[in-house]
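Engineer: Structure in structure tokens, see below.
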Amino acid sequence: SKKSLNIFAVASGHLYERLMSIMITSVMKQTQSHVTFWLIDNFMSPKFKNVFLPILSAKLGFEYRLISYKWPYWLNKETVKQRTIWGYKILFLDVLFPMDLERVIFVDADQIVRTDLQQLYDMNINGAPYAYVPFCNDRPEIEGFRFWNHGYWKDHLRGKPYHISALYLVDLTVFRKLLAGDKLRAQYQQLSVDKNSLSNLDQDLPNNMQHLVPIFSLPPEWLWCETWCSSKTFKNAKTIDLCNNPMTKEKKLDVARRLLPEWTQYDNYIHSVLNKAPVKDEL
Ligand code: UDP
Ligand code: CA
């Protein structure tokens, strides 16, 4: 029988819905498993939800569930939408999914997958509640932006790596058993009082909590992004994130077209499936 693969994602805005369609297509092209995408309902446009997703799911053969969770009244609120989305990535992992779901992989909308994610889904992560990839350390030009190698973060991490939050596997059974959701929310409640804290909320929080909620560090090939990783390791990448480059500020669509031949193919494919004329640049 077929294996099951469960993917968790979020998208808000036209660009990210387009990127997410491509991410979904890339996942489906690489796996034989039965795939369910768990998508956060709160931020998707009606057109994407009611028109595009049903067509894509029928065409590519995946299932999807729209999930939502009301931000608890007692938990500090975020005022910027981007930060609210980051909150949903990390703060409610114990309550977003049905209790019988044992594992889920979060994938950033702006990612391209080049391998069967089932390999990651089934990985032994030594009893940790989740697994992330440490930031690459092999692109010297960007050294000045590696804030985790200095000051507060260097002291706090005590030799543990600082991980990127674009892709992570959650063992929901272990996560719930450790009460990791409560621990993360409690720490968020403390740190979010200071507006200068948690500037990359979804990434800073799990990295900050590593001593209490351990992270299994995944091999580097699981996540490549040009900003932090060298060109030498590009060909081995299992997933690629179109992450922001603070030095060049190059647009995601430009990075995608420059770096990933399959990106344009997937984009055209989706346009044809949705019966839309291919558009050079919708934004
Ligand atoms: N996101 C979104 N809409 C936005 C910004 C972010 O849906 O306007 C979601 C999306 O899933 C995205 C994730 O938040 O993949 C992280 O943001 P992004 O990938 O832009 O961060 P970067 O990789 O540039 O650091
Ligand atoms: Ca990203």
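Engineer: How many nm is it between the label spots at residue 257 and residue 119, if each spot is 7 Å from the Cα in line with the beta carbon?
Structural biologist: 3.1
Engineer: Over segment 152-283, what relative contact order in percent results from Cα pairs under 8 Å that are six or more residues apart? Display every interim value, and only then the final one.
Structural biologist: Numbers: 77 pairs, mean separation 20.4, N = 132.
Normalised by residue count, the contact order of segment 152-283 is 15 percent.
Engineer: Related question: Just subtract the alpha-carbon distance of residue 51 and residue 248 from 0.36 nm times their residue separation and send over the number in nm, one decimal. Mind showing how you got there, number by number?
Structural biologist: Values: separation 197, 0.36 × 197 = 70.92 nm, distance 3.56 nm.
The span from residue 51 to residue 248 would gain 67.4 nm if fully extended.
Engineer: On the accessible surface of the chain, probed at 1.4 Å, how many percent belong to carbon and sulfur atoms? Kindly include the intermediate steps, with their values, before the conclusion.
Structural biologist: On the way: 7080 of 13180 Å².
Percent of accessible area from carbon and sulfur atoms in the chain: 54.
Engineer: Which order do you get for 89, 183, 154, 195 if you rank them by accessible area with a 1.4 Å probe, largest at the top? Write out the running numbers ahead of the final one.
Structural biologist: Values: 89 10, 183 70, 154 120, 195 160 Å².
Listed by decreasing accessible area, they come as 195, 154, 183, 89.
Engineer: Quick one: length gained pulling residue 32 to residue 15 fully straight, 0.36 nm per residue minus the C-alpha distance? Intermediate values should be presented prior to the final figure.
Structural biologist: On the way: separation 17, 0.36 × 17 = 6.12 nm, distance 2.79 nm.
Full-extension gain reported as 3.3 nm.
Engineer: If you don't mind, there's one more thing I want to ask. Hey, can you find the accessible area per residue of the chain for me, probe 1.4 Å, expressed in square angstrom? Walk me through the numbers before you get to the answer.
Structural biologist: On the way: 13180 Å² over 283 residues.
Here the residues of the chain average 47 Å² of exposed surface.
Engineer: I've got another one for you. Using a 10 Å Cβ count of at most 10 others and DSSP loop calls, identify the longest part of the chain lacking such chymotrypsin sites (Phe, Trp or Tyr not before Pro). Present the calculation step by step, with values, prior to reporting the outcome.
Structural biologist: Numbers: sites that count: 73, 74.
The answer is 75-283.
Engineer: Semi-axes, largest first, in whole Å: what does sqrt of 5 times each Cα gyration tensor eigenvalue give for the chain?
Structural biologist: Working: eigenvalues 157, 105, 74 Å².
Gyration-tensor ellipsoid for the chain: 28, 23, 19 Å.
Engineer: Right, next: Please arrange 230, 217 by accessible surface area, largest first, computed with a 1.4 Å probe and ligands excluded. Walk me through the numbers on the way to the answer.
Structural biologist: Working: 230 15, 217 50 Å².
Most to least solvent-accessible, the answer reads 217, 230.
Engineer: Hey, another quick one. May I ask you to compute the full-extension gain from residue 80 to residue 160, defined as 0.36 nm times their residue separation minus their alpha-carbon distance, rounded to one decimal in nm?
Structural biologist: Taking residue 80 through residue 160 to full extension adds about 25.8 nm, to one decimal.
Engineer: How big is the gap, in Å, between the Cα center of segment 198-230 and the Cα center of segment 4-38?
Structural biologist: 21
Engineer: Measuring from centroid to centroid over Cα atoms, what is the spacing of segment 252-266 and segment 173-192 in Å?
Structural biologist: Going from one Cα centre to the other spans 37 Å.
Engineer: What percent does the relative contact order of segment 4-273 come to when contacts are Cα pairs within less than 8 Å and at least six residues apart?
Structural biologist: Values: 392 pairs, mean separation 62.5, N = 270.
This gives 23 percent for segment 4-273.
Engineer: How much solvent-accessible surface does residue 80 expose, in Å² to the nearest 10, with a 1.4 Å probe and all protein chains in place?
Structural biologist: Spelled out: residue 80, probe radius 1.4 Å, area about 80 Å².
The values are calculated or read from the model by the stated rules, or taken from the named source; none is laboratory data. Please read all numbers here as calculations on a predicted model, not as lab measurements. As a convention, Cβ positions derive from the backbone with ideal geometry for all residues, glycine included, and neighbour counts pool all protein chains shown. Ligands, DNA and RNA are stripped out before the accessible areas are found, and what is left, the full protein with its side chains, is counted by its heavy atoms. Shrake-Rupley method; radii C 1.70, N 1.55, O 1.52, S 1.80 Å.
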